[in-house]
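Structure, as structure tokens:
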Amino acid sequence: MRSLGRVGSLAALVVLAALPWVLARHQLSILTDLLIFGLFALSLDLIIGYTGMVSFGHAAYFGLGAYGSALLLIHWAPPVPVALAAGAVLAALIAAPVGWFSTRATGIYFAMLTLAFAQLLYTVAYKWRELTGGSDGIAGVPKTTLFWGGPSLASPRAYYFLVAACVVLSLFACRGLVRSPFGRALQAIRENEHRFTSLGQDPRPFKVVVFVIAAFFAGLAGALFAPFRGFASPEVMFWVLSGQALMMVITGGIGTLIGPVLGAMVFILIQEVLSSYTEHWMIFAGVVFVLIVIFLPGGLVGTARRWIEARG
Amino acid sequence: MSAALLVELTLNALALSGLLFLVSIGLTLVFGILRVVNFAHGVFYMIGAYLGFTAVALSGHFWLALLVVPPLVGLLGAALEASTLRFIYRRPPIYQLLLTFGIALILEESLKVIYGPTAKGVEPPPLLQGSVEMLGIVYPSYRLFLVGLGLLVGVALWLFLQRTRAGLVVRAVAQNSEMADCLGADVARVRTLVFGAACALAGLGGAAAAPMTTAYLGMGIAVIVEAFVVVVIGGLGSVVGSMVGSLIVGAAQTWGSFYVSEAAMVIMYAVMGAILIFWRWGLFGEEE
């Protein structure tokens, strides 16, 4: 199982590196999109899959990252990595008080509080016209350079490699995180919060920190998104995106890190295929999702793992 | 501020609270009895509004529509509960929330297919089209009707839950469904019926709201977010909490949009935040 996973990740890396020379321009753009949303879903898995906290407002941090990098690039045009860092840090900064507040409650209350805060941030993005452009959003976000005086990232292939590098590094960072003592503590909280407390530990700080870390990676995904699409609009903070992120996590396999990335890919491919046939693709996506929730509770990766283990 | 304006704003707040109550009471009942947060609840409100539009267009009678729509929406809700939710009660709560989220997507998009993107206006019934003079102001009578409707449903529900045998069974299932099952209550049926009744109330709310707000796409999410705030303030699962929460949110929205029209939503969340600092599980909620 272990060596299988290692071979698999190596193969995936080779494929990721080779694809830009195989795929057409449009396909490469879809792949970049897949990876960005994969990172977004991955970040959500940290809190929902590993700590057992269901956030229904994760899009807010994706949106904060997108607005942060868009504003910076539009006004000062620094190298893209600077904008990425700024977007991710902005998301983490806002997530700190929200996380502190929301983790006072647990379960469904936590979900509702995160939703309420996300809708609040969405309203701010929608109404603060001078800064965010209101419902029009910010258009014309440039893909600048890799560093000051460095190579341009304007070509789809160059930007793809930036996104792929960010996603792979984040995946490794998150894997390291969940395997660290801190990550073990998170899983202990998920399994039995009462026992965790009676062992003399306060779960609150752990929850707040992982919430902020998840927001950081969601912000990074958003910060990658804005220059890629060239815009940031209130839709990227809307509750629908939070819900879709949850769908990606569940589809791929909760608590597996790689699962949500695959889930995001499946979700966006379904969307691409269906939306070329009908503009009402959401109906079919909804049906597929309902079936997955009922029949594949472990998601794709969880089900596959169980299948492999059952076969020895 | 003049006395007349004060009266008018207060009545506006009460009318909004009445509608919010019709939606949030279903949300809180379903949570209390099924332990499910129904994300699709707002869509049932929306379906009520659109069905109300159709029923008025077909029959020409508003009251008939108000009578027919809730049972239809309730039937749809009960059918969905029995065909999907019923199978996953043993799973962690996230799965039920996500299932209802999927259902919400399907239903909302279906409404878009059937009715198209334009909002549908509904005429209030002739009896309630005018205004009445009271407390020194002239006030649209339809909004007064909404205040009364919310109050009526609240009292009726309270009487049902506290004073009838069926209400006793419902309360028993809410308190301990396994024990109720052992004592011979048909828990599966209670769940389906409660889910249906909650959807019917949301449908009633939607049909009653349509003459004031029109039936439009997106009304479902607008109302569900407000209803979430209501139940978080009042405490999930509490009928009284849902009533008090509706009054608070109705007041915050009305006065908020009067003083700072741009930031009414912000006021609502600020009030919620302030209340949660002191009552972590809402005013009438119990610790989870």
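The values are calculated or read from the model by the stated rules, or taken from the named source; none is laboratory data. Since we're looking at a predicted model, the values are computed, not measured. Neighbour counts run over all protein chains shown; Cβ positions are idealised from the backbone, glycine included.
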Among (1) within 16 Å of the chain's Cα centre (by Cα); (2) assigned to a helix (DSSP H, G or I), which single condition is B:Trp63 missing?
(1)
Among the residues of region B:98-136, which ones are among the hydrophobic types (A, V, I, L, M, F, W, C) and either more than 7 Å from chain A (Cβ to nearest Cβ) or over 28 Å from A:Ile292 (Cβ atoms) (or both)?
B:Ala104, B:Leu107, B:Leu111, B:Ile114, B:Ala119, B:Val122, B:Leu127, B:Leu128, B:Val132, B:Met134, B:Leu135
Exclusive hit being part of a helix (DSSP H, G or I) and either away from every other protein chain (no Cβ under 14 Å) or not hydroxyl-bearing (Ser, Thr, Tyr) (or both), set A:Pro205, A:Pro142
A:Pro205
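Residues to consider are A:Leu84, A:Leu169, A:Leu153, A:Leu93; find the one that is crowded, with 19+ Cβ neighbours inside 10 Å, of a type outside the set (Ser, Thr, Tyr) and within 24 Å of A:Ala245 (Cβ to Cβ).
That would be A:Leu84, the only listed residue that is crowded, with 19+ Cβ neighbours inside 10 Å, of a type outside the set (Ser, Thr, Tyr) and within 24 Å of A:Ala245 (Cβ to Cβ).
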Answer residue from region A:277-297, given it is farther than 19 Å from B:Glu109 by Cα and surrounded by fewer than 18 Cβ atoms within 10 Å (Cβ to Cβ) and is farthest from the other protein chains (Cβ to nearest Cβ) among those:
A:Leu296
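Out of region A:96-110, which residues are part of a helix (DSSP H, G or I) and either surrounded by fewer than 23 Cβ atoms within 10 Å (Cβ to Cβ) or within 12 Å of chain B (Cβ to nearest Cβ) (or both)? It would help to see each step written out before you state the result.
Step one: filter region A:96-110 for residues part of a helix (DSSP H, G or I), giving A:96-102, A:107-110.
Across region A:96-110, the qualifying residues are A:Ala96, A:Pro97, A:Val98, A:Trp100, A:Phe101, A:Ser102, A:Gly107, A:Ile108, A:Tyr109, A:Phe110.
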In region B:226-271, the residues that are aliphatic (A, V, I, L, M) and in contact (Cβ under 8 Å) with a residue 60 or more places away in the chain:
B:Ala227, B:Val230, B:Val231, B:Leu236, B:Val239, B:Met243, B:Leu247, B:Val249, B:Ala251
Looking only at region A:172-184, which residues are surrounded by 17 or more Cβ atoms within 10 Å (Cβ to Cβ) and more than 18 Å from A:Gly219 (Cβ to Cβ)?
A:Val178, A:Gly183
Looking at B:Ala174, B:Ala215 in this structure, which one is crowded, with 17+ Cβ neighbours inside 10 Å and in contact with a Lys or Arg (Cβ under 6 Å, 6 or more places away or on another chain)?
B:Ala215
What's the number of the condition A:Ala111 fails, among (1) closer than 30 Å to B:Gly218 by Cα; (2) in contact with a strand residue (DSSP E or B) (Cβ under 8 Å, 6 or more places away or on another chain)?
(2)
Could you tell me which of the residues A:Ala83, A:Ala60 is more than 21 Å from A:Val168 (Cα to Cα), in a helix (DSSP H, G or I), of a type outside the set (D, E, K, R) and touching a Leu at 6+ places or on another chain (Cβ under 6 Å)?
A:Ala60
Evaluate region B:94-107: report whether one residue or more is touching a helix residue (DSSP H, G or I) at 6+ places or on another chain (Cβ under 8 Å), more than 23 Å from A:Val240 (Cα to Cα) and part of a helix (DSSP H, G or I).
no
Name the residue that is farthest from the other protein chains (Cβ to nearest Cβ), counting only residues in region A:298-312 that are outside any loop (DSSP other than H, G, I, E, B) and among the charged types (D, E, K, R).
A:Glu309
Odd one out for B:Phe53, checked against (1) of a type in the set (Phe, Trp, Tyr); (2) closer than 26 Å to B:Gly282 by Cβ; (3) at pLDDT 90 or above
(2)
If you check A:Thr132 against the conditions, is it β-branched (Val, Ile, Thr) and either away from every other protein chain (no Cβ under 14 Å) or in contact (Cβ under 8 Å) with a residue 60 or more places away in the chain (or both)?
yes
Residue by residue through region A:114-150, note down the ones that are crowded, with 18+ Cβ neighbours inside 10 Å and hydroxyl-bearing (Ser, Thr, Tyr).
A:Thr114, A:Tyr122, A:Thr123, A:Tyr126, A:Thr132, A:Thr144, A:Thr145
Kindly indicate the residue of region A:1-55 that is of a type in the set (Phe, Trp, Tyr) and surrounded by 12 or more Cβ atoms within 10 Å (Cβ to Cβ) and also nearest to A:Ala111 (Cα to Cα) among those meeting that condition.
A:Tyr50
Which numbered condition A:His26 fails, given (1) over 23 Å from A:Gly150 (Cβ atoms); (2) in contact (Cβ under 8 Å) with a residue 60 or more places away in the chain
(2)
Among the residues of region B:138-159, which ones are surrounded by 14 or more Cβ atoms within 10 Å (Cβ to Cβ) and over 17 Å from B:Leu16 (Cβ atoms)?
B:Leu157, B:Trp158
Is it the case that B:Leu146 is at pLDDT 90 or above and over 30 Å from B:Ala119 (Cβ atoms)?
no
Run A:Leu274 past the list (1) more than 17 Å from the chain's Cα centre (by Cα); (2) surrounded by fewer than 20 Cβ atoms within 10 Å (Cβ to Cβ); (3) within 11 Å of chain B (Cβ to nearest Cβ) and report the number of the one that doesn't hold.
(3)
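Mind telling me which of the residues A:Met265, A:Met248 ends up being in a helix (DSSP H, G or I), touching a Pro at 6+ places or on another chain (Cβ under 7 Å) and either buried (at least 24 other Cβ atoms within 10 Å of the Cβ) or not basic (Lys, Arg) (or both)?
A:Met248
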Would you check if there is a residue in region B:111-120 being touching a residue at least 40 places away in the same chain (Cβ under 8 Å), among the small types (Gly, Ala, Ser) and either closer than 18 Å to B:Ala57 by Cα or in contact with an Asp or Glu (Cβ under 9 Å, 6 or more places away or on another chain) (or both)?
yes
Mind checking which residues of region B:250-287 are away from chain A (no Cβ under 12 Å) and closer than 14 Å to A:Gln119 by Cβ?
B:Gln253
Of all helices (runs of 4 or more DSSP H) fully inside region B:173-288, the set with 3 or more residues that are in contact with a Phe, Trp or Tyr (Cβ under 9 Å, 6 or more places away or on another chain) is B:187-213, B:219-234, B:239-259, B:264-278
Within region A:111-129, the count of residues that are touching a residue at least 12 places away in the same chain (Cβ under 8 Å), facing another protein chain (nearest Cβ under 9 Å) and of a type in the set (A, V, I, L, M, F, W, C) comes to 6
